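The values are calculated or read from the model by the stated rules, or taken from the named source; none is laboratory data. None of the values given here were measured: they were computed from a predicted structure. All Cβ positions, glycine included, derive from the backbone under ideal geometry; neighbour counts span all protein chains shown.
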Amino acid sequence: MILTAAEIAHPDYTVQTYHDYLLLLALLIIEGLLTMNSTKFIGQLNKFGTVFNFIVVFIFVIWVPVGSINMPKTNTNSEVWTSKGIVNGTEWPTGFAFLMGFLSVIVSRTSLPKHVVIGKSTDPPPSGQCQDMMLHSTFRKSVQTPTLPAQGLL
């Protein structure tokens with residue numbers, strides 16, 4: 001998303017493969033620096049992030065509907081609660097594609113590696129487990145989608 005935002009901001013910029021890997025490396029270095037901090041600092045950072053996210057969500061819950069150019073501002077019940085309002089971008093039937101969308105989220109959320117599950121279920125977690133979980137999640141997110149913006153799929 002960072003590289004896609006750069007492409008949108010600068011139309012003459014095109015993402016190269018090495019940009020993906022440099023961005024991944026920068027994210028891993030930042031995550032590594034974060035994991036070297038004390039638990040107290042990480043807790044304070046978490047509090048700040050939570051408050052910031054709440055403020056952003058609150059702003060957008062108000063801002064997006066008010067700034068909508070659609071008239072009326074809301075959709076009709078028939079569009080919201082029936083397949084009439086669902087845009088099916090696949091070749092599957094609409095109902096099946098809708099359910100597969102939920103299934104894809106469930107599969108991606110449950111495909112955590114063993115060390116993450118063990119680290120979340122033990123008290124206290126094994127030594128270095130929290131840092132390993134943070135670095136692994138960052139690496140996994142970065143590796144799964146680095147070439148999508150370059151291929152124009154996002």
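The table that follows gives values for the structure above.
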quantity	calculated
Subset of region 32-81 [among the small types (Gly, Ala, Ser) and not in a helix (DSSP H, G or I)]	Ser38, Ser68
Residues being of a type in the set (Val, Ile, Thr) and modelled with pLDDT of 80 or more - total across region 53-75	6
From Thr90, Thr50, Thr39, Thr138, residue being touching a helix residue (DSSP H, G or I) at 6+ places or on another chain (Cβ under 7 Å) and at pLDDT 80 or above	Thr90
Test: residue in region 32-55 that is under 27 Å from Gly101 (Cα atoms), surrounded by 10 or more Cβ atoms within 10 Å (Cβ to Cβ) and either among the hydrophobic types (A, V, I, L, M, F, W, C) or in contact (Cβ under 8 Å) with a residue 12 or more places away in the chain (or both)	yes
